[in-house]
Structures are given as structure tokens and as C-alpha cells.
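*Asks:* Structure in C-alpha cells, see below.
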Amino acid sequence: MVDFKRLDATEEENEELDGEQQSSEFAALFTESLKDRPERDKIIEGTVVCVDQDTVLVDIGLKSEGHVPVAEFRNADGELSVQIGDKIRVLMTRQDGKSGYVLSKKKADYLSAWDKIGDACHEGGIIEGVITGKVNGGFTVDIGVQAFLPSSQVDIRPSSDSDSYIGVKARFKVIKINQRRDNIVLSRRSVLEEERASIRDLTLEKLEEGQIVEGTVKNVTDYGAFVDLGGVDGLLHVSDLSWGRISKPADVLKPGQHVTAKVLKFDRTKGKISLGIKQTLSDPWLDVTSKFPIGGRVRGRVVSLMEYGAFVELESGIEGLIHVSEMSWTKRVRRAADVLNIGDEIETVILGIDMGNRKISLGLKQISENPWTTIAEKYPAGTRIEGQIKNMTDFGMFIGIEDGIDGLVHVSDMSWTKRIKHPSDVYEKGSLVQAVVLKVDVENERLSLGIKQLEPDPWSLAPGKYRAGALVSGKVTSLTDFGVFVELEEGIEGLIHVSELSREKVASAKEFAAIGDTLETVVISCDPKERRISLSIKSLHVATEKAEFEQYMGSQGEATSNFGDLLKQGLNNKSN
């Protein structure tokens with residue numbers, strides 16, 4: 001119990017103190033003693049004086065130090081974030097008579113944060129913080145205490161890469177707060193929209209078509225990129241990125257990248273802005289004709305392959321096309337990829353320039369000599385060749401003459417006498433055959449060959465072999481209503497008209513003979529141009545009877561004629 005008597009007073013004097021004086025002095029001394037005692041649940045400042053394995057000792061200006069569990073100073077990685085001499089704010093939680101004062105830094109930070117939040121809400125609801133992680137439906141934000149940021153409120157146009165927001169320090173608007181539940185909901189989007197709106201009108205007021213502007217790439221798509229010009233976005237289409245070929249905007253642009261562009265179109269009513277980067281550079285097509293004269297050789301790099309050809313970059317912004325038909329003199333190139341690869345460095349020839357459509361035609365085969373220019377000299381018409389059958393079609397077959405040079409034998413030039421429907425009916429692919437060069441078309445790169453021309457046309461000899469009046473025989477090959485076809489030799493047929501079968505009326509040739517029968521006839525006429533021979537059995541019978549009669553009369557002593565003369569005479573009489 002505290003003794004409040006004055007030490008310098010006598011016993012009598014002390015006894016004389018009345019109850020009121022004792023009470024007043026006790027109260028004063030008690031009040032004085034409380035000055036040195038800290039108030040519980042109040043944040044105080046202290047200095048770290050010792051850090052050991054479990055405890056951090058803090059001098060808070062009292063007779064004994066306070067202690068804070070060292071775990072309160074370790075971060076997520078377990079690293080210690082305090083050292084001797086640091087000034088820290090702590091909260092008195094209780095007094096332990098043995099070890100001094102029990103303090104808490106976490107509780108002090110927590111109360112400070114809520115004081116800060118309360119001030120922010122009072123001042124307009126804006127508070128600073130750091131986005132620390134992702135949770136279901138949004139993000140966590142450290143504002144001294146943990147707050148929730150919905151995904152829809154993280155940005156004006158949220159990025160698909162949510163990880164890019166982790167670690168971002170920003171200003172947030174408090175849209176919901178409940179201290180009892182430690183529930184705080186924030187919005188970064190609201191702050192951005194307010195900031196954006198504040199400068200949007202100023203940007204639109206100054207913006208004009210043709211103006212050179214600077215901006216920051218916000219988002220990259222397959223067709224271009226959106227550029228923030230200051231509160232308003234402009235579209236930078238992929239076709240306006242470069243004078244050269246760009247397949248993907250992402251190859252040259254990244255979010256956050258600073259760019260300089262030209263305002264191509266500006267619809268002030270709708271707020272739509274079209275931008276171009278290539279328009280800030282000189283057009284390389286302006287001096288194309290002087291740089292790349294027709295017929296000149298130029299080197300370039302293959303940048304794209306299509307079925308119909310290859311695009312070659314001659315210089316930045318200038319490309320030419322090599323059509324598949326201009327890739328080889330001798331080979332039938334169906335796909336550009338069969339000849340070239342992307343990245344190939346090649347030499348080409350300028351074939352043509354279309355300035356209106358910004359097109360350059362290139363030739364690859366023109367680098368080497370055209371072998372077709374010497375084909376006509378090496379293989380003039382009438383030359384006999386031997387080659388392998390490379391391919392067959394319905395209309396003929398191709399025979400290899402030289403490497404890459406094929407000649408065509410049309411089905412009509414395979415036989416003088418046979419009707420060949422398909423080459424495979426007579427020949428096999430890969431076999432060697434002989435042929436005759438019929439024609440060389442250098443301009444169209446075509447070589448016509450013939451197999452039947454290896455032998456003379458049998459019809460060219462027919463007039464000498466089948467003169468009118470000649471007696472011939474052959475086998476019946478076909479029967480028709482109008483006559484009988486007789487094969488005189490391979491490939492040569494003659495027709496016996498139904499009227500020439502007999503002196504008697506024949507209703508149908510089918511009643512007169514059968515296929516395979518051998519008939520003796522006489523030649524009436526032979527027309528090699530029309531490839532037609534007319535035959536007659538009736539004339540043969542008439543001449544035979546007359547010859548027999550003449551022979552009989554000759555036996556009676558009268559003049560007679562031989563059979564040949566009689567036959568000719570009979571035919572002449574028929575023609576007259």
C-alpha cells in the first residue's frame with residue numbers, strides 16, 4: 001500500500017492533515033503515477049532495441065520494454081523485415097508483470113489501415129494499394145488490409161493475361177465497406193474512367209485528320225491494335241503498320257509500346273479514329289520503276305508461299321510475285337512450295353510492274369537459258385527419237401525427250417488404221433517407244449510426236465494396188481443395212497454396197513454373208529483421200545458370164561477377149 005505521508009513533516013503535522021487534504025493529495029499522486037503508464041489499445045511509436053529468435057524488443061519510453069513476436073515481421077517468403085534501430089508503430093495489448101508490455105505490430109497496422117480507409121471514404125473514396133494476387137472472381141489488393149477487386153473492375157478493357165495485373169500499384173475507389181466483417185470492395189476501373197474522361201474532351205478538341213500523334217498500345221488483335229491517344233483510342237489496322245508484309249500485328253507491337261502514327265480518318269461524331277504508322281514514312285513505291293527496270297536482275301528473300309506462286313521481298317515494303325508458270329522452263333510446277341522455301345535468298349528477273357495495283361511480276365526460270373530455244377534446232381520435223389512413256393491421258397501420251405522436255409503423241413497419231421480409244425490399250429507406262437517429231441512450238445513450249453508416221457500411210461499405196469477393175473478377195477468384217485465391209489489387208493477395208501451384192505435384189509446384207517466369210521470382188525473405185533474403196537460382186541458376175549460367153553463363141557471360130565478386158569469393159573459400161 002502506498003504511503004502518502006510527507007517525509008519532512010512531524011508526526012503531529014501529519015496527523016493534522018484532515019481527510020479532505022489526504023484525499024486531494026492521494027488523487028494528485030495517483031494521477032501523476034498514471035502519466036507513465038501507456039493506454040491499452042492505443043497505437044504508440046517505439047524503437048527496436050533487440051531482435052532474437054522469437055521476440056523483437058521495442059523501447060516505448062517506459063521503464064520496461066515491450067515485446068512483439070518475431071513472426072509478425074516475417075514476409076510471405078519467411079524473410080525478416082526488421083532490424084535494430086527501426087522506428088515502428090505498435091499496439092499495447094496487455095501488461096505482463098514478468099516480461100514487460102505485450103505489443104502487436106499487426107494490430108497496429110490493421111487499425112492504421114482502417115483509419116486510412118475511413119479518411120479515404122470521407123475524402124471521396126480513393127485509396128492507394130497494390131494488387132497482390134488472384135482469387136475466384138477477381139484479385140486481392142493490399143491497402144494495409146486485404147481488399148477485393150472484382151475482375152470486371154480491374155481495367156476499362158480487362159486483358160486476357162490476368163497475371164499482368166499482379167504487382168500493379170494503383171489508385172482504387174472504395175465501392176463497398178464493412179469493417180465488422182473486414183469486407184472491402186474496390187474498383188480500379190472507376191478511377192481510370194474518371195481520369196480518361198477528364199482528358200478525352202481535350203484530346204478530341206485538338207485532334208485533326210493528317211495530324212501526327214503519339215500514343216501507347218493498349219491491346220493487340222489479329223487485325224491490328226488499339227492505341228491510347230489520351231482518353232480516346234484509335235485503331236491501327238494491320239495494313240497500315242508497314243509498307244512491307246506483316247502477317248501478325250503481335251510480331252511488331254506489344255501492349256504498353258509507345259508509337260508515333262498519323263491520323264488517317266477522324267469521325268468526331270462517333271469518336272472513331274483510324275491511325276497509320278506507315279504513313280509517317282516515305283512510300284517506297286514512288287521510285288520503284290527507277291530502282292527495278294524491266295528485264296533487270298534483282299535479289300530478294302522469299303517471305304510467303306501460295307499455291308499459285310511465291311512472294312519475294314526485294315526491299316522493305318517492296319514485294320514481287322513469282323507465278324508457278326515462271327519457275328521452270330521444263331517442269332510443270334503445281335505448287336510453289338515444291339521449288340522454294342520461306343527465307344530462301346534468290347535471284348530473279350523483273351518481268352513487269354503494275355504501279356496502279358502495286359504489283360511486280362518476277363521470273364525465276366529467266367535466270368537460266370530457255371532450253372526450248374534449241375529444241376527446234378536439235379529436233380527438226382521428221383527426226384526420229386526414242387524415249388520413255390512418262391504419262392498417259394485420254395487424248396494421248398507424253399514421251400521423255402530430254403530432262404524436263406516431253407513430247408506428246410496424240411491418239412490420232414498412234415496408228416494409220418486402228419481407232420485407239422486410250423493409249424493404255426496399246427502401250428504401257430514406262431516402256432520405250434520410237435516416234436517421229438511432227439512439230440516444235442517454241443512459244444507455247446510444245447513438242448508434237450507421231451508413232452504411225454514411222455511407217456508410210458497404207459492408203460497412200462492403195463491407188464496402185466487397188467485400181468479399178470482389179471480382182472480382189474477379203475474377209476467380211478462388218479455387216480450393215482447398206483452393205484458389207486471387207487478387209488482387203490490390215491487397215492484397208494472396202495465396201496460392197498447392197499446394190500452391188502447381186503444382180504438380184506438383196507433385202508439385207510446380213511442375209512447375203514456372215515462375218516468371217518471370204519468374198520471375191522472387183523474394185524469399182526479407190527479414193528485415198530476419203531480412205532474409201534468401192535467393191536462389187538455383181539459386176540464380177542456379169543463380167544464372168546460375158547467372158548464365158550465370149551470364150552464359148554471363140555470355140556466356134558469367132559474373135560474373143562480375155563477375162564481382164566471383159567471385166568474392164570463391163571465396169572466401163574457400168575460407169576457410163
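*Asks:* Counting other Cβ atoms within 10 Å, which trypsin sites (Lys or Arg not before Pro) in the stretch 277-311 have at most 10 and lie in a DSSP loop? Before the final figure, lay out the partial values.
*Replies:* Working: sites: Lys278, Lys291, Arg297, Arg299, Arg301; in loops: none.
Sites meeting the loop and neighbour criteria: none at all.
*Asks:* How much length is gained on full extension from Glu315 to Asp517, taking 0.36 nm per residue of separation minus their Cα-Cα distance?
*Replies:* 64.6 nm
*Asks:* Let me ask another. Computed FRET efficiency, Cβ-Cβ of Asp77 and Asp115, R0 41 Å: what is it to the nearest 0.05?
*Replies:* With R0 = 41 Å, the Cβ-Cβ based efficiency is 0.90.
*Asks:* Additional query: Collect residues whose amide H, placed 1.01 Å from N in the peptide plane, falls under 5 Å from the amide H of Ser415; neighbours closer than 5 in sequence don't count.
*Replies:* Result for Ser415 returns Lys452.
*Asks:* A follow-up question, please. Please compute the length gained on full extension between Ser239 and His497, using 0.36 nm multiplied by the number of residues separating them and subtracting their Cα-Cα distance. Intermediate results must be reported in sequence, preceding the final value.
*Replies:* On the way: separation 258, 0.36 × 258 = 92.88 nm, distance 7.85 nm.
Roughly 85.0 nm would be gained on extension.
*Asks:* Taking every DSSP beta bridge with both residues inside the stretch 124-192, roughly what % is antiparallel (nearest 5)? Intermediate results must be reported in sequence, preceding the final value.
*Replies:* On the way: 20 of 21 bridges.
If I count the DSSP bridges inside the stretch 124-192, around 95 percent turn out antiparallel.
*Asks:* OK, next. Considering amide H positions built from the backbone, and no H for Pro or chain starts, which residues 5 or more places from Gly483, or on another chain, come under 5 Å of its amide H?
*Replies:* Val498, Ala509
*Asks:* So, one more: For Lys390, go through the lysines and keep the ones whose alpha-carbon is under 28 Å away, minus same-chain ones fewer than eight residues off.
*Replies:* Candidates past the 8-residue exclusion: Lys331, Lys365, Lys378, Lys418, Lys421, Lys429, Lys439, Lys452.
*Asks:* So, one more: Are there any chymotrypsin sites (Phe, Trp or Tyr not before Pro) in the stretch 312-420 that are in a DSSP loop and have at most 12 other Cβ atoms within 10 Å? List them by number. Before the final figure, lay out each step's value.
*Replies:* Numbers: sites: Trp329, Trp372, Phe395, Phe398, Trp416; in loops: Trp329, Phe395, Trp416.
Qualifying residues, ordered by number: Phe395.
*Asks:* Continuing with this model, one more query. Can you list the GluC sites (Glu not before Pro) in the stretch 199-239 that are in a DSSP coil and have 13 or fewer other beta carbons within 10 angstrom?
*Replies:* The qualifying sites are Glu208, Glu209.
*Asks:* Among Thr289, Val324, Ile342, whose Cα sits farthest toward the positive end of the charge dipole of the stretch 288-351 (+1 at Cβ of Lys/Arg, -1 at Cβ of Asp/Glu, about the Cα centre)?
*Replies:* Of the listed residues, the answer is Val324.
*Asks:* Provide the net charge surrounding Met414, with neighbours chosen by a C-beta distance below 11 Å and charges set as Lys +1, Arg +1, Asp -1, Glu -1.
*Replies:* +2
*Asks:* Got a sec to turn the phi values of the stretch 64-74 into Karplus ³J(HN,Hα) couplings, 6.51 cos²θ - 1.76 cosθ + 1.60 with θ = phi - 60°, whole Hz, x for Gly and Pro?
*Replies:* Whole-Hz 3J(HN,Hα) from phi for the stretch 64-74: 10, 6, x, 10, 10, x, 4, 4, 6, 10, 9.
*Asks:* When we measure straight from the Cα of Lys538, which lysines land under 24 angstrom away, once same-chain ones fewer than 8 places off are left out?
*Replies:* By straight Cα distance, Lys538 reaches Lys465, Lys475, Lys505, Lys510, Lys546, Lys568, Lys574.
*Asks:* Tell me which residues come under 5 Å, amide H to amide H, from Asp86 once H is placed; ignore anything under 5 positions away on its chain.
*Replies:* The list, which skips near neighbours in sequence, is Val48.
*Asks:* Hey, what do the phi angles of the stretch 378-394 turn into as Karplus ³J(HN,Hα) couplings, whole Hz, using 6.51/-1.76/1.60 and θ = phi - 60°, x for Gly and Pro?
*Replies:* For the stretch 378-394, the Karplus-derived couplings read 6, 10, x, 4, x, 5, 8, 10, 10, x, 8, 6, 8, 7, 10, 9, 5 Hz, x marking Gly and Pro.
*Asks:* Determine the gain in length on full extension of the stretch Asp287-Lys176; use 0.36 nm per residue of separation and subtract their C-alpha separation, reporting nm with one decimal.
*Replies:* Gain in length upon complete extension: 33.6 nm.
Read the figures in this text as sums done on the coordinates, not as results from a lab. Not measured: the values here are computed from a predicted model. Heads up, the Cβs are rebuilt from the backbone with ideal geometry, glycines too, and the neighbour counts pull from every protein chain shown.
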